[in-house]
Structures are given as C-alpha cells and as structure tokens.
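Here's the structure we're looking at; comments come further down.
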Amino acid sequence: MRASEDGVSPADGEERTFATLPPTRGRGFALTWWGQAWLRALEDTALDLGQLKAGRALARAGAVGAVTVRPGRIIGVVRDRDGTAHRSDVLIQELRDDEWDRLLDMTVDRAAHIAALLDRDMPPHLVEDAATAGVELLPGIGDLEPECDCGAWDQCAHTAALSYQMGRILDEDPFVLLLLRGRGERRVLDELQVRSVLRAAAEDPGEDTDAAVGVDAVEAFAAGFVLPPLPEPPGLPAAPGSPPALDVETSPAPAVRPEALEFLALQTAREAHRLLAEALSPHHADRPVPTTTLEQDAVRLAAGEPGREALDRLATASGRTDEQLALAVRAWSYGGAEAVTAWEREHTLTPEARARAAATVDSAWEEDERPALRNEGSRWTTADGRAQLRVDGYGRWWPFREEGGHWVPAGSAAKDPATALAAALGTE
C-alpha cells in the first residue's frame with residue numbers, strides 16, 4: 001500500500017501530534033537500538049552528507065516545530081536559520097493487511113513481545129520474528145522518502161532535521177513506528193486482545209488454561225544486551241551517613257569490639273562521601289588516581305580520631321612511632337595519601353624532570369626577589385634551613401618547615417613554587 005497522500009484522511013482515522021522538542025546538546029538523537037536503526041536508514045540513504053550535517057544542526061537548535069505522525073507520513077515545519085519556514089514530509093510505506101495479519105499472529109504467539117510493547121520497549125526478537133514472517137518493521141535503505149516545499153529532489157536539510165527529530169520521538173514510544181506502518185496503538189492492542197481471546201477459545205478444553213504463560217528463555221537471554229541508558233549520577237549528600245549503633249543486648253564474640261566496628265563504619269561512610277565528592281567535581285577524569293597502601297590507610301583511620309588505644313594499635317601496625325603517626329596525620333589533612341607519600345618518601349626525578357623543575361623554580365620569582373635555595377634531588381631547601389619544597393611526579397610542590405630537627409608538613413600542594421614556599425614560611 002502506498003503512503004497516504006497529503007490531504008487524505010489516514011486509513012484508520014489515527015493521527016498523533018508531538019509538541020516541539022527543546023534544543024538538544026551533548027546527546028545523540030536516538031538512544032534506543034530501534035531509534036538508531038531509524039537514523040541508519042536516513043544516513044545510509046542520503047546522497048548529500050552536507051545536507052545531513054545541516055539537518056542535524058537545525059534539529060539540535062530546536063528548529064523543528066510540532067511533528068504530526070499518521071500512517072505512512074511524518075509532517076513538520078522546519079525553520080532555516082533566517083527564520084524561513086518550510087513544510088517537510090517524510091514518507092514510509094504502510095504494511096498491507098496480510099502483513100499486519102502475520103505480524104499480529106506472531107506477536108500473540110509471544111507474550112513477551114506484548115509485554116515489551118506495553119512497556120514502551122521493542123525487543124530485537126520482535127523485529128527478527130516479524131522479518132521471518134516476511135514483515136519489515138524498521139525502515140531499510142531507501143525506505144524513507146523525503147518531500148519538502150524548498151524544492152529539493154532528494155533529502156534536504158529540512159527533511160533530514162525532521163527525520164532526526166523523529167529518532168527522539170521513537171525513543172520514547174515504539175508504537176509510533178507501528179502508526180507509521182499503518183495502525184495506531186489502540187487499534188493494534190484491540191486486535192491483539194481479540195486474537196488472544198480467539199486463540200484461547202480454540203485451545204483444548206482439557207488443557208490447564210489457568211497456567212501462567214511463560215517467556216521463552218532463549219528470547220529473554222538474547223534480548224539481554226538491550227540496556228537502558230545510564231541514569232544521571234547521584235547528587236552529593238550534605239554529609240556522610242551515620243552507621244547504626246551496635247549497642248545491642250546480644251554480647252559480641254570475644255574478638256569483636258563493637259566500638260571499633262562503629263568507628264570503621266563511620267570512617268567508611270566519610271571516605272565514601274569524599275570519593276563521591278571527587279567523582280562529581282569538574283575535570284575529575286583528568287586528575288591522578290592515587291593508590292593507597294595499608295600503611296597510608298592506617299593514617300586515614302588515625303585522622304578520624306579513634307581514641308588513644310586505637311591510635312597505639314595503628315602506629316604499631318603501620319610501623320610508626322606515635323610522633324611519626326601524628327605527623328603523618330597532619331600530612332593527610334593537607335592532601336591525603338599523596339601528602340603522606342611526599343612527607344615520607346623522596347620522589348626520584350629523571351634528568352629531564354629535574355631540569356623542568358629547576359626551570360619552574362627559576363621562573364617563579366622576579367630576579368631580585370628569588371630566595372636562595374639549594375637543590376638536592378627533588379627537594380629545594382632555603383639557605384637558612386627553615387623551609388623546604390618537594391616536587392612530586394605531577395609537578396606539584398609540597399611545602400615543609402623545620403620543627404625540632406624534623407621536616408613537618410606545612411600545607412597543601414601548589415603548582416607554583418612561590419605559593420608553596422609562602423605556605424612553608426607561614427607568609428601566605
């Protein structure tokens with residue numbers, strides 16, 4: 001059956017109009033596999049890729065007005081960048097009555113197909129089974145026929161924009177594809193119900209008709225790769241959650257300390273909150289991902305102020321004295337595991353990295369303001385021995401100051417040596 005001509009009422013009296021969609025940025029026009037199949041039919045047919053590109057730009061900019069869908073035809077008004085409006089149509093061949101009969105009979109045989117359609121989903125097996133029955137649901141190369149009052153004889157930017165917008169509409173409701181092929185949602189569901197009732201009446205009366213209709217396991221497994229789009233990332237809670245209290249009537253096992261478990265649960269919640277905050281921060285993917293050793297994780301726990309007994313155990317377990325653990329906790333407060341590493345270990349620089357670091361130090365101050373610094377490896381120390389800068393493998397400068405004959409952490413890392421030195425001297 002030829003697509004219905006403009007001005008002729010649809011064969012089944014059905015027509016749907018979709019409101020103008022807002023401009024879209026940063027996403028494809030189709031996320032579902034059937035929406036993408038629609039766009040492939042468009043892109044594989046077009047002879048002029050420049051018109052496709054222009055059509056995508058118009059659709060993204062929100063230049064496509066309300067879209068009307070009726071059997072065999074999509075109608076929309078598309079505005080050029082100068083505001084000129086063009087009536088555009090995209091035609092697709094409707095299914096014949098005998099094709100609809102085969103499609104509906106096949107669908108009734110598969111309860112999962114009906115359930116998926118009602119859930120606004122189109123399982124791949126429905127399309128494959130329809131093709132086996134000689135019915136092509138999705139358009140192929142050459143199945144989309146453009147018409148536009150701009151006078152183009154092939155796909156123009158206006159019909160391309162309308163087709164791209166149609167990909168977004170199909171994403172939301174695959175019944176629109178069935179309407180394009182000749183029958184709307186209500187008619188399709190009514191006919192499926194009639195066929196289901198007739199099929200049940202024809203069954204053997206001795207058969208247990210109350211038994212639940214199952215889903216073919218092979219079909220369910222094959223459709224498992226069709227995944228919905230990922231949800232939006234979660235928002236950051238205002239504060240870490242509070243773990244439940246373990247003060248219960250049941251006595252703990254001899255080796256279990258409830259207060260220690262409560263502390264670990266609280267620290268885990270805090271760490272999860274911190275990691276989520278980092279993951280949601282801008283440019284998270286560009287930042288280095290540090291690895292945390294058991295010794296460094298002991299510092300993280302000590303930073304949570306667990307109490308004297310736990311601090312002693314953490315110091316012993318991490319091979320530190322109480323004083324060393326306290327300094328490691330101070331470093332942790334300035335930059336986590338990376339700050340602890342900068343305090344406890346010297347970074348080995350390649351000759352090229354050392355030359356870059358030296359050049360960075362030379363350019364950090366004006367000639368008459370540059371402090372006297374002596375360099376050993378990855379460390380630059382002031383002439384009076386009061387402050388020290390340590391550069392790591394990411395080009396960041398960690399400030400330290402001398403206290404009681406030891407170098408102690410004095411601040412967070414900085415990309416600028418002058419900023420780090422000001423922190424070490426307490427003059428920032």
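The values are calculated or read from the model by the stated rules, or taken from the named source; none is laboratory data. Keep in mind that this is a model prediction, so the values were computed, not measured. When we count neighbours, we look across all protein chains shown, and the Cβ atoms used for this are built from the backbone with ideal geometry, even at glycine. With ligands, DNA and RNA removed, areas are computed over all heavy atoms of the protein, side chains included. Shrake-Rupley method; radii C 1.70, N 1.55, O 1.52, S 1.80 Å.
Observations on the model:
- Flag if D322 is of a type outside the set (A, V, I, L, M) and either touching a Phe, Trp or Tyr at 6+ places or on another chain (Cβ under 6 Å) or modelled with pLDDT of 85 or more (or both): yes
- Annotation: R70 fulfils all but one of (1) modelled with pLDDT of 90 or more; (2) within 22 Å of R168 (Cα to Cα); (3) open to solvent by 60 Å² or more (accessible area, probe 1.4 Å); (4) not small (G, A, S); the unmet one is (3).
- Scanning region 163-174 for residues that are open to solvent by less than 30 Å² (accessible area, probe 1.4 Å) and without any contact (Cβ under 8 Å) to a residue 60 or more places away in the chain returns a single hit, D173.
- Subset of region 20-32 [at pLDDT below 85 and either open to solvent by less than 80 Å² (accessible area, probe 1.4 Å) or of a type in the set (F, W, Y) (or both)]: T24, G28, F29, A30
To keep it simple, each residue is scored yes or no on (1) in contact with a His (Cβ under 7 Å, 6 or more places away or on another chain); (2) charged (D, E, K, R); (3) part of a helix (DSSP H, G or I); (4) modelled with pLDDT of 80 or more.
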{"position": "A269", "(1), (2), (3), (4)": "no, no, yes, yes"}
{"position": "L275", "(1), (2), (3), (4)": "no, no, yes, no"}
{"position": "E278", "(1), (2), (3), (4)": "yes, yes, yes, no"}
{"position": "P282", "(1), (2), (3), (4)": "no, no, no, no"}
{"position": "P290", "(1), (2), (3), (4)": "no, no, no, no"}
{"position": "D297", "(1), (2), (3), (4)": "no, yes, yes, yes"}
{"position": "E305", "(1), (2), (3), (4)": "no, yes, no, yes"}
{"position": "A310", "(1), (2), (3), (4)": "no, no, yes, yes"}
{"position": "R313", "(1), (2), (3), (4)": "no, yes, yes, yes"}
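- All strands (runs of 3 or more DSSP E) inside region 352-428 with 1 or more residues being within 15 Å of G335 (Cα to Cα) and not polar (S, T, N, Q): 387-391, 397-403, 406-409
- Of all residue pairs spaced 6 or more apart or on separate chains, those with beta-carbon atoms under 6 Å, a first member in region 294-323 that is under 18 Å from A339 (Cβ atoms) and of a type outside the set (S, T, N, Q) and a second member that is open to solvent by less than 40 Å² (accessible area, probe 1.4 Å) and not in a helix (DSSP H, G or I) are E295/S318; A298/S318.
- None of R390, R345 is open to solvent by less than 50 Å² (accessible area, probe 1.4 Å) and of a type in the set (D, E, K, R) except R390.
- When region 119-162 is filtered for residues that are of a type in the set (A, V, I, L, M), part of a helix (DSSP H, G or I) and surrounded by fewer than 14 Cβ atoms within 10 Å (Cβ to Cβ), only A131 remains.
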